[in-house]
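This report refers to the structure that appears directly beneath it.
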Amino acid sequence: MKTRPRIVSLLGATALVLSTAASAATPSPAKTQAYIHKAWDTLTRSLDDCSALHDPKMDARPVLYLPADLDKPAGIGDIAKRCKVEVRTLPKRIERLGDLMPSELPAEGLLYLPRPYVVPGGQFNEMYGWDSYFIQLGLLADHRDDLARDMTDNMLFEVEHYGGVLNANRTYYLTRSQPPFLSRMVSDVLAAPKAFKDEAERHAWLAHAYPLVVANYHIWTRAEHRAGDTGLARYFDLGQGPVPEMHGSEYYRGVIGWVLAHPQRDPGYLVKASEHPDAAEMAKLKASSCDIEASTVCAGAWASGYRLSADYYLGDRAMRESGFDTNFHFGPYGGTTHHYAGVGLNSLLYRYERDLHDLALQLGKVAEAQQWADAAAKRKAAMGKYLWNDKRGMFMDYDFTRGKASEQPYVTTYWPLWAGLASKAQAAALDRHLAVFERKGGLSMDNLSSGAQWDEPFGWAPTNWLAISGLDAYGFHDDAQRLARKFMGTVETGFAHDGTIREKYNMVLGNADVKITAGYTTNVIGFGWTNAVYLKLHQLLQGAPAQAPAAAQSTQVPAVH
């Protein structure tokens, strides 16, 4: 038997290296899926794992907070000792978001959750609000029904003990939520074949979940979240001034610098002020800007004779609740987000109301189901009045403070398809306008390049999924499949390049080459919702039946034309 020569010629070795490199750079659906299947365990956190208690965004010793109205869980003392974490109890019961301000606590920390959960990845080492919906979709697609139920149980726990689904389970997020998907999470778990041992357990779980899903809905009907008298909702954080998770003032100084360089685009962000104000000026700035004595970030947020207005800080906080941090669609750096009745948010709330209708029927609550159908009908009518632009053939966000619709398209215009509220004529018009957003790699956020990560040329898994699945549900299968292939190809190209899956992608280039010049500059590795959407798009292409729009699944509400 011949043996292979132990010494390979230089030419042969070079050819081997080049062949290996070429192979590594070739996009492979199989390798991408294999990575995703393993990633769920890598991204899963629980209190048994000390790394779950660490916050990569902070340098302080880990602190774990327990709800004031919860008996101390068994074994928590052992975890504190083993993980060298300080365990504290919140000073009071939280009924609603904003009942407890982060500034009232002696230290920042992780908020206790009872079940394992999947984190996005990288610096995002906690359970996030809207990320979790998309992650759960991936878990269910991968037949991880138990973990999907755990995720939803944690969300219900947040509503019960922290006042609502939070931006994430950290104390500095106690003043805001995130895009509302809880009703969908509950509905999807109820439909999962292996989430419950029998029908009795399923029904008991729904009976427990339903009032908590309702309580979370009412976050969006509070006065703070109302978009004027439109009957629609807006994003709004219940705190004031710079966000507490912001360590350092560089970001805010950058906003000031940008506005000074583009004065014609200033929505009113700037306040003339001293860098080192005296007591009298500080008292005035407390109302017109932020509290310098209470926040070192506020104190440092000064440049070239200016500070940021109190209204800007409200918009900055609202932008973070929206999940679109940072964008220029809702004003430069998203600083007027709270001025808008957004297409995206109100589409989600319409779907939420339709889901509550269906959940109420499952519990035999016929009168409540009708109330939810009526609420959905009212929201649909209001969206037809304020958000549908017949001339443009798109849903457009509405600035209710100026009584004027946005003139800039945003990819959330397709979310009404996912929600099932668009008429056939509206859906056809939206399909005809795909070219506004469609690029080599999938759907871009818009057609206005700002340098911010939630604008052109960047695209994200959640916005691509909501648009593609909505198009597919309305019968535009060819377009949905084309876009699915594009976005999956982008993820596969990025994975072939460096063996990772990312938070966001460059839609124009169709790869992970992301260069941000306004706001956050990193492209985090992980990544929970990208993994999940990749699997869902794969299902779509494999011919999994598209879910019918919500309005078609149950009692019809009047269409808006």
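The values are calculated or read from the model by the stated rules, or taken from the named source; none is laboratory data. What you see is a predicted model, and the numbers here were worked out from it, not measured in a lab. Note: ideal-geometry Cβ built from the backbone for every residue, glycine included; neighbour counts use all protein chains shown. Ligands, DNA and RNA are stripped out before the accessible areas are found, and what is left, the full protein with its side chains, is counted by its heavy atoms. Shrake-Rupley method; radii C 1.70, N 1.55, O 1.52, S 1.80 Å.
In table form, for the structure just shown:
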quantity: Under-5 Å amide H pairs with Gly420, H placed in peptide plane, nonlocal only; calculated: Ala550
quantity: FRET E, pair Asp390, Ala435, Förster distance 25 Å, beta-carbon r, rounded to 0.05; calculated: 0.85
quantity: Pairwise Cα inverse-distance average, inverted: Kirkwood Rh of region 317-372 (Å); calculated: 12.9
quantity: Residue-count net charge about Tyr252 - beta-carbon cut-off 11 Å; Lys, Arg +1, Asp, Glu -1; calculated: 0
quantity: Exposure of Val118 as accessible area (Å², to 10), given a probe of 1.4 Å and all protein chains; calculated: 0
quantity: Förster radius 51 Å - calculated FRET efficiency between Glu199 and His247, Cβ distance, rounded to 0.05; calculated: 0.55
quantity: For region 389-466: rounded, prolate or oblate by the Cα gyration tensor [a/c cutoff 1.5]; calculated: oblate
quantity: Cα gyration tensor shape for region 51-121, rounded if a/c is under 1.5, else prolate or oblate; calculated: rounded
quantity: Cβ-derived FRET efficiency at R0 25 Å, Ala425 paired with Leu541, nearest 0.05; calculated: 0.35
quantity: Integer Hz, Karplus 6.51/-1.76/1.60 couplings in order for region 143-151, x for Gly and Pro; calculated: 6, 9, 4, 4, 5, 4, 5, 4, 4
quantity: Bins of 10 Å from zero: percent of alpha-carbon pairs in region 262-389; calculated: 12, 28, 24, 16, 14, 5, 0
quantity: Reach of Lys380 by Cα under 12 Å, taken over aspartates and glutamates that are not fewer than 8 positions away in the same chain; calculated: Glu353
quantity: Long-range HN-HN contacts of Ala405 with modeled amide H, under 5 Å; calculated: Asp399
quantity: Histogram of C-alpha separations across region 182-259, 5 Å bin width, %; calculated: 3, 11, 14, 12, 11, 11, 12, 10, 7, 5, 3, 1, 0
quantity: Derived scalar couplings ³J(HN,Hα) [region 94-101; Karplus, 6.51 cos²θ - 1.76 cosθ + 1.60; whole Hz; x for Gly, Pro]; calculated: 9, 8, 9, 3, x, 5, 10, 8
quantity: For region 346-355, 3J(HN,Hα) per residue [Karplus equation, 6.51 cos²θ - 1.76 cosθ + 1.60, θ = phi - 60°, Hz, x = Gly/Pro]; calculated: 6, 5, 4, 6, 4, 4, 4, 5, 5, 4
quantity: Charged-residue dipole, Cβ positions (Lys, Arg, Asp, Glu), the chain about Cα centre, Debye nearest 20; calculated: 1160
quantity: Test item: Cα-centred dipole of region 232-364, Lys/Arg +1 and Asp/Glu -1 on Cβ, debye; calculated: 300
quantity: Cβ-based charge dipole, the chain, positive-most Cα from Ala369, Val159, Val514; calculated: Val514
quantity: Among beta bridges that DSSP assigns inside the chain, antiparallel share in %, nearest 5; calculated: 75
quantity: Pairs beyond 24 Å (Cα-Cα), from Lys81/Lys197; Lys57/Lys272; Lys31/Lys57; Lys440/Lys536; calculated: Lys81/Lys197; Lys57/Lys272; Lys31/Lys57
quantity: Estimated 222 nm signal from helices in the chain, with DSSP H stretches of n ≥ 4 weighted -39500 (n - 2.57), rounded to 500; calculated: -14000 deg cm²/dmol
quantity: Other-chain or far-sequence residues with amide H under 5 Å of Arg170's (modelled H); calculated: Leu111
quantity: Compactness relative to 2.2 N^0.38 Å, alpha carbon Rg of region 65-180; calculated: 1.06
quantity: Simple spin-label estimate for His262 and Ala191 in nanometres, 7 Å along Cα-Cβ; calculated: 4.0
quantity: Distance from region 36-51 to region 289-331 (C-alpha centre basis), Å; calculated: 34
quantity: Over region 197-314: Rg over Rh, Cα atoms, Kirkwood Rh; calculated: 1.21
quantity: Neighbour net charge for Thr522 - beta-carbon separation under 12 angstrom, K R +1, D E -1; calculated: +3
quantity: Local electrostatic count at Arg485 - Lys and Arg +1, Asp and Glu -1, tallied over other residues with Cβ under 14 Å; calculated: 0
quantity: Centroid-to-centroid separation of region 131-155 and region 413-476 [C-alpha atoms, Å]; calculated: 24
quantity: Rg(Cα)/(2.2 N^0.38 Å) for the chain, N = residue count; calculated: 0.99
quantity: Point-charge dipole on Cβ atoms (K/R +1, D/E -1) for region 311-452, about Cα centre, debye to 20; calculated: 360
quantity: Extreme residue, positive dipole direction of the chain, given options Ser449, Asn389, Gln178 (C-beta unit charges); calculated: Ser449
quantity: Charge dipole of the chain about the Cα centre (unit charges at C-beta), most positive-ward option of Gly75, Leu90, Ala428; calculated: Ala428
quantity: Virtual spin-label span in nm between Asp69 and His497, 7 Å along Cα→Cβ; calculated: 4.9
quantity: Rounded if a/c under 1.5, otherwise prolate or oblate - region 488-547, Cα gyration tensor axes; calculated: prolate
quantity: Mean Cβ count within 10 Å, highest first, over the residues of peptides 498-509, 53-64; calculated: 498-509, 53-64
